[in-house]
Structure formats: C-alpha cells, structure tokens
Ligand code: UDP
C-alpha cells in the first residue's frame, strides 16, 4: 500500500520542539513503514523524517506566520494543499491519502477525483461550525478521542469512522533518568492549558513547578522580551503572549515556579522523565492529549482536571489522578507518589505505542478504501 500522509505546512516533521500534529505523524509513519506501507510525506522541505518521497511547497515551517492576520496568511495552507492535489491528479500509484490539515485539507480534496482520503481531526470539533455542520457524510474522518467526537456536530459524526487515541515512541523506549522533585506542565503556554492554575497550586503547596512550552511560537525569554518591549510588534497583543506576561509571569519567581521556554529532543524527554508528576489543569476539553500519553510512557503520573479526553487516557487512582476542582487537584497532587510508575509505563505500552496506533490506522485505511469502493 502507498499512502500520502499530509502533515501540512506549519512545522517540520519531526518537529524540533513543540508540534502536536507533526509529532503524531512522526510517530505513525515509521510504524506504518515497518508494516510495509510506502509513504509519500507532504510537509515542508526541511522535514527529516525517513519516508519514500517528500513533497513540499515551503522550504521550512510556516508556523510563525500563523499568528499574523488571516488576510496575510490564508494562502499558506491553500498553496500547500493545492500542491498536494496537483500531485494526486498527476499520478495513480497512491492508494490512500491520510490528511491532517485543518479544514483546508477536506475542502480542497473533496473537489478532486483522486484516491480515497482519511482526514484525522486533531482539534476541538466545535470550531468551524459552518464547515463541519454541513460536512458530507461520504468523506471519511476520524477523531483522536471519543469525547472529542462526542462534541462534534451531527454531520461530522456521521462521516466519522471512530476515534484513535494518540501514541508516542516513548512507549517503546525505556528512559529512566533519576526522578527529581519538580512537577511539570508540558505544552503551549495558553489559558486553555491552565499554566496559571498549576502555578497557583504549586506556589500554595510549596512544590517546585517547571512550565515548558512555547508562547505563540516564542521559545525563549529573550524572544518574549522583544515582543513585550515593543507595543507595535505583531504579537504584542496576542492572547497567549498577554496570558504569559499578565497572568503567568507574576508566579514566576525563578525558584519555585519556573518557565523554561520551548524544549525539544533529549532535553524535553529528560525534563519530562525526571518529573514527579505531569500536571494538566486544563481549562478546555482537550481533544487528544499527546502530552498525557507521553507522561504515562515515561512513568510520570498525570494529574489533571476531569475534562475532555483525560478520563479516556488516565485511569483515576491507577495510572494518575483526576479532579473536578482546583482544590481537589491540589489534594491529589500531594498523593502522587501512590501511583506506580511501572503501571503507567505498562498502560502506555499496551494502549499508546506506535504499533498499536499503526495497526488501528491500517484498519481505518481499509475501511476508508472499502467505503469509497462501495460508492
Ligand atoms: N512539546 C514539546 N516541547 C515543548 C512543549 C510541547 O516538544 O516545549 C510537545 C509535547 O511533548 C507534545 C506536543 O508538543 O508532544 C503538544 O501536544 P499536545 O497535544 O499536548 O498539545 P497541543 O497539540 O494542543 O498544542
């Protein structure tokens, strides 16, 4: 089978640091290739993932531009997807397209008489109601958790072949650095991820907390400072930048609560694996939760609010703790050493390994192909 996997134009694959969708693609593709699938990757030119072919419009990731006004950036995703469509109309050796590009993916490919397509939806499905509310049932999609699909408009649920949980290569590695004292929030710094709640709790309890993750694409204090000092900078009023500067920064005392910026590679894995617990004080219904799955794989118990996909990923009391309120979250945090790290690792190997995800996607590929044939 030959599959064109479309990762979009935003970041290279694998991403050097933050990158939810690109991480998923980087996790899935090697496992598919181990199973004999040939992969054409549509991404940016400096992607380093080993594939059979790479196609791209942009030399490098366009993520930074995503923060600019719509009328300046609307062409990026369309240029990328038009290239994908042109590629598909010029060849007949692709059996299936596995698309990960939000809205523009299905919008462009629906008009093409090409191979069957499976669109994986990684985001909050209450977004784009005009588009998803009138979604054609014949287009195959899948979600990344049951709870995410449960909140989707009826039309989109009809098109859905089900949910496949996210996975991480860490589930197949055995990383065991010495455990530190710090708790960790790993993720984009934004209100939805709730870094301020984590900081408030840890400050109250006197527990060391590390916040890791970029702010609107900014990875260091120096980069953030440039934006903070310049009221005319395009990002100065960006909600995530304001959130960091106005809401999170007051908690950063350089000692108990620290922001270390965006981290990647070995540094990220070690910071993660040496944490006492990973905190998820989420202020939204998290659709997929890559970071939750990564924590489990590293034997780091997730402690979070009972929302979104968290109850599907974390078994309260066995592989982590889930709370309904901030106060309860603080109480569970004090009991985190009761969770057996081995139980977390076993769970991740059983449910969130690349092999498990690849086998499930192969099933969906067959179903998407069969669905097309029956039409
Ligand atoms: N991540 C990273 N470095 C950082 C912050 C995050 O490598 O500094 C990774 C994190 O480990 C996860 C992904 O980026 O693999 C974020 O995925 P998640 O689903 O948690 O967040 P979202 O896609 O909603 O931003």
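So if I check each of 5, 57, which one is outside any helix (DSSP H, G or I) and in contact with a strand residue (DSSP E or B) (Cβ under 6 Å, 6 or more places away or on another chain)?
Sole residue among the options that is outside any helix (DSSP H, G or I) and in contact with a strand residue (DSSP E or B) (Cβ under 6 Å, 6 or more places away or on another chain): 5.
When you look at residue 42, is it buried (at least 21 other Cβ atoms within 10 Å of the Cβ), touching a helix residue (DSSP H, G or I) at 6+ places or on another chain (Cβ under 7 Å), touching a residue at least 60 places away in the same chain (Cβ under 8 Å) and under 27 Å from residue 218 (Cα atoms), yes or no?
no
In region 1-39, what count of residues is obtained for those that are touching a residue at least 60 places away in the same chain (Cβ under 8 Å), closer than 23 Å to residue 82 by Cα, more than 19 Å from the chain's Cα centre (by Cα) and buried (at least 19 other Cβ atoms within 10 Å of the Cβ)?
Counting residues in region 1-39 that are touching a residue at least 60 places away in the same chain (Cβ under 8 Å), closer than 23 Å to residue 82 by Cα, more than 19 Å from the chain's Cα centre (by Cα) and buried (at least 19 other Cβ atoms within 10 Å of the Cβ) gives 2.
Which residues, taken from region 247-258, are modelled with pLDDT of 95 or more and either within 9 Å of the ligand (Cβ to nearest atom) or within 17 Å of residue 189 (Cβ to Cβ) (or both)?
Once the filter is applied, which keeps residues that are modelled with pLDDT of 95 or more and either within 9 Å of the ligand (Cβ to nearest atom) or within 17 Å of residue 189 (Cβ to Cβ) (or both), region 247-258 yields 247, 248, 249, 250, 251, 252, 257, 258.
To keep it simple, each residue is scored yes or no on (1) free of Cβ contacts under 8 Å to residues at least 60 places away in the same chain; (2) out of contact with any strand residue (DSSP E or B) (no Cβ under 8 Å at 6 or more places or on another chain); (3) surrounded by 15 or more Cβ atoms within 10 Å (Cβ to Cβ).
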| residue | (1), (2), (3) |
| --- | --- |
| 91 | yes, yes, no |
| 94 | no, no, yes |
| 100 | no, no, yes |
| 105 | no, no, yes |
| 110 | yes, yes, no |
| 123 | no, yes, yes |
| 129 | yes, yes, no |
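Just the residues that are more than 13 Å from the ligand (Cβ to nearest atom), in contact with a strand residue (DSSP E or B) (Cβ under 8 Å, 6 or more places away or on another chain) and in a loop (DSSP other than H, G, I, E, B), please, taken from region 182-222.
182, 207, 208
Answer yes if at least one residue in region 168-181 is part of a loop (DSSP other than H, G, I, E, B) and crowded, with 24+ Cβ neighbours inside 10 Å, and no otherwise.
Yes: region 168-181 contains one or more residues that are part of a loop (DSSP other than H, G, I, E, B) and crowded, with 24+ Cβ neighbours inside 10 Å.
Quick check: is even one residue across region 264-284 under 22 Å from residue 191 (Cβ atoms), more than 11 Å from the ligand (Cβ to nearest atom), within 21 Å of the chain's Cα centre (by Cα) and outside any loop (DSSP other than H, G, I, E, B)?
There is at least one residue in region 264-284 that is under 22 Å from residue 191 (Cβ atoms), more than 11 Å from the ligand (Cβ to nearest atom), within 21 Å of the chain's Cα centre (by Cα) and outside any loop (DSSP other than H, G, I, E, B).
Looking for whichever is over 17 Å from the mean Cα position of the chain (by Cα) and more than 16 Å from the ligand (Cβ to nearest atom) here; the options are 244, 316. Which one fits?
316
Have a look at 162, 137, 150 and point out the one that is without any contact (Cβ under 8 Å) to a residue 12 or more places away in the chain, closer than 30 Å to residue 367 by Cβ and loosely packed, with under 15 Cβ neighbours inside 10 Å.
Of 162, 137, 150, the one residue that is without any contact (Cβ under 8 Å) to a residue 12 or more places away in the chain, closer than 30 Å to residue 367 by Cβ and loosely packed, with under 15 Cβ neighbours inside 10 Å is 150.
Listed residues 196, 165; which is under 24 Å from residue 25 (Cβ atoms) and modelled with pLDDT of 95 or more?
Going through 196, 165 in turn, just one is under 24 Å from residue 25 (Cβ atoms) and modelled with pLDDT of 95 or more: 165.
Do we find that residue 299 is touching a residue at least 12 places away in the same chain (Cβ under 8 Å), assigned to a loop (DSSP other than H, G, I, E, B), more than 11 Å from the ligand (Cβ to nearest atom) and out of contact with any strand residue (DSSP E or B) (no Cβ under 9 Å at 6 or more places or on another chain) in this structure?
So residue 299 fits the description; yes.
Has region 333-347 got at least one residue that is in a helix (DSSP H, G or I) and under 18 Å from residue 193 (Cβ atoms)?
Looking through region 333-347, at least one residue is in a helix (DSSP H, G or I) and under 18 Å from residue 193 (Cβ atoms).
Taking the stated definitions as given, is residue 323 under 30 Å from residue 178 (Cβ atoms) and at pLDDT 95 or above?
Spelling it out, residue 323 is indeed under 30 Å from residue 178 (Cβ atoms) and at pLDDT 95 or above.
Between 261, 304, which is buried (at least 16 other Cβ atoms within 10 Å of the Cβ), without any contact (Cβ under 8 Å) to a residue 40 or more places away in the chain and under 16 Å from residue 187 (Cβ atoms)?
Unique residue meeting the criteria: 304.
The values are calculated or read from the model by the stated rules, or taken from the named source; none is laboratory data. Please read all numbers here as calculations on a predicted model, not as lab measurements. A quick note on method: Cβ atoms are made from the backbone with ideal geometry, for glycine too, and the neighbour counts reach across all protein chains shown.
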